[in-house]
Amino acid sequence: MRVSSLVLGFVVAPLLVACDPQADGEYQGEALFELSGTVTNDREEAPDSAEVTLVWEVTSGSPDTVVAEGVPVTGEFPASFHLELLEPPSEDSLNDYSYNGANEARIGVAYITVLAADVSAEELDDDDLLGIAESQLLVYVDRDVQEGTFSAELLGGTLSKGYHLMGVDPVTEEEVAAGDACRDAANEAQDWEAWEECGGIFDQMYEVDASTPVSVRLDESDNLIFPNWT
């Protein structure tokens, strides 16, 4: 990962998570994917320094884990950022749903966040989270997603191998309540096929154009809305 351009007088600071060199020499290779957007501040005080950080959540095993990859931003807000992703995410960033079928793609799902610049990936807690993209996620799939698979259902379509910027359609309180009632009825009837169709638990992802600006909002963690994808 590298920073192509940071505006409004940002001072470059050390990376949150050190990334191995992705190409030798001055030319670092063609980007696999690019993200651009803005960071706006609703906190009482803007941070002195911060990292725009991809936090990959892995929930396919137990316990759940996170892997953080960050690039530095400091300065005034609102601020613009531009990230170039030169490599796929690390292997330990990917969810493995292959137990649902041989054709399942491995899926990386990242929250696009701003973290305090002086924290390590192993010590993340709520106080370190300064902001998040509340309606967007970054997804990576290690192969083309096949129709009819769990991966296609989760991602809202048959995505091609590589990175994808996803919008998030939040599940409503009414949908959650209806889903819970449906599952209660299905449990009582021991109708597991009906249980699978109840829905109303997670936000639905859908692909958006890669050039769509990413909006990251800084606020106290209790005031932020987290995309609930799993």
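Please go through the stretch 180-230 and give me each residue that is of a type in the set (A, V, I, L, M, F, W, C) and more than 21 Å from the chain's Cα centre (by Cα), ordered by number. Break it down into steps so the answer makes sense when it comes.
First, the residues of the stretch 180-230 that are of a type in the set (A, V, I, L, M, F, W, C): 181-182, 185-186, 189, 192, 194-195, 198, 201-202, 205, 208, 210, 214, 216, 218, 224-226, 229.
Answer for the stretch 180-230, where residues must be of a type in the set (A, V, I, L, M, F, W, C) and more than 21 Å from the chain's Cα centre (by Cα): A181, C182, A185, A186, A189, W192, A194, W195, C198.
Name the residue that is surrounded by the fewest Cβ atoms within 10 Å (Cβ to Cβ), counting only residues in the stretch 142-189 that are over 30 Å from L85 (Cβ atoms) and among the β-branched types (V, I, T).
As a first pass, look at the stretch 142-189 and keep what is over 30 Å from L85 (Cβ atoms): 172-189.
If we keep only those that are among the β-branched types (V, I, T) as well, we get 172, 176.
Numbers: T172: 10, V176: 15.
Residue satisfying both the conditions and the ranking: T172.
Working carefully through the options P72, P21, find the one that is of a type outside the set (A, V, I, L, M, F, W, C), surrounded by 17 or more Cβ atoms within 10 Å (Cβ to Cβ), at pLDDT below 65 and farther than 28 Å from D203 by Cα. First the steps, then the outcome.
Values: P21 fails: surrounded by 17 or more Cβ atoms within 10 Å (Cβ to Cβ).
One residue alone meets the criteria, P72.
Does R143 qualify as being among the basic types (K, R) and part of a loop (DSSP other than H, G, I, E, B)? Give the derivation first.
Numbers: among the basic types (K, R): yes; part of a loop (DSSP other than H, G, I, E, B): yes.
So R143 fits the description; yes.
I'd like the full set of residues that are of a type in the set (D, E) and part of a strand (DSSP E or B), limited to the stretch 152-175. Spell out how you get there, then give the answer.
Filtering the stretch 152-175 for residues of a type in the set (D, E) gives 153, 169, 173-175.
The answer is D169, and nothing else.
Could you tell me which residue of the stretch 190-207 is modelled with the lowest pLDDT, considering only residues that are part of a loop (DSSP other than H, G, I, E, B) and either of a type in the set (S, T, Y) or surrounded by fewer than 16 Cβ atoms within 10 Å (Cβ to Cβ) (or both)? Working first, answer last.
If we filter the stretch 190-207 for residues that are part of a loop (DSSP other than H, G, I, E, B), which is where we start, we get 190-191, 197-203.
Now restrict to residues that are either of a type in the set (S, T, Y) or surrounded by fewer than 16 Cβ atoms within 10 Å (Cβ to Cβ) (or both): 190-191, 197, 199, 201.
Details: Q190: 81, D191: 80, E197: 73, G199: 67, I201: 75.
Residue satisfying both the conditions and the ranking: G199.
Consider P89 against the criteria (1) touching a Ser or Thr at 6+ places or on another chain (Cβ under 9 Å); (2) crowded, with 20+ Cβ neighbours inside 10 Å; (3) at pLDDT 80 or above: it satisfies all of them except one. Which criterion is unmet?
That leaves (1) as the condition not met.
Go through the residues of the stretch 196-207 one by one and say whether even a single one is over 30 Å from I112 (Cβ atoms) and among the acidic types (D, E).
yes
Quick grid of which residues meet (1) in contact (Cβ under 8 Å) with a residue 40 or more places away in the chain; (2) of a type in the set (V, I, T):
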site: W192; (1), (2): no, no
site: I201; (1), (2): no, yes
site: Y206; (1), (2): yes, no
site: L218; (1), (2): yes, no
site: S221; (1), (2): yes, no
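Could you figure out which of (1) of a type outside the set (A, V, I, L, M); (2) free of Cβ contacts under 8 Å to residues at least 24 places away in the same chain; (3) closer than 18 Å to A110 by Cβ; (4) in contact with a Ser or Thr (Cβ under 7 Å, 6 or more places away or on another chain) isn't true of T230?
Exception for T230: condition (2).
Which residues, counting only those in the stretch 34-56, are of a type outside the set (A, V, I, L, M, F, W, C) and either in contact with a helix residue (DSSP H, G or I) (Cβ under 6 Å, 6 or more places away or on another chain) or not in a strand (DSSP E or B) (or both)?
Keep residues of the stretch 34-56 that are of a type outside the set (A, V, I, L, M, F, W, C), which gives 34, 36-38, 40-45, 47-49, 51, 53.
Listed by number, the residues that qualify are D42, R43, E44, E45, P47, D48.
Of the residues that sit in the stretch 95-124 and are of a type in the set (G, A, S), part of a strand (DSSP E or B) and modelled with pLDDT of 90 or more, which one is farthest from the chain's Cα centre (by Cα)?
The first filter runs over the stretch 95-124 and keeps only residues of a type in the set (G, A, S), leaving 98, 101-102, 105, 108, 110, 116-117, 120-121.
The next check asks that each one be part of a strand (DSSP E or B); those that pass are 108, 110, 116.
Remaining after also requiring modelled with pLDDT of 90 or more: 108, 110.
Values: G108: 8, A110: 2 Å.
This residue is G108.
The values are calculated or read from the model by the stated rules, or taken from the named source; none is laboratory data. Keep in mind that this is a model prediction, so the values were computed, not measured. Cβ: placed from backbone, ideal geometry, glycine included. Neighbour counts: every protein chain shown.
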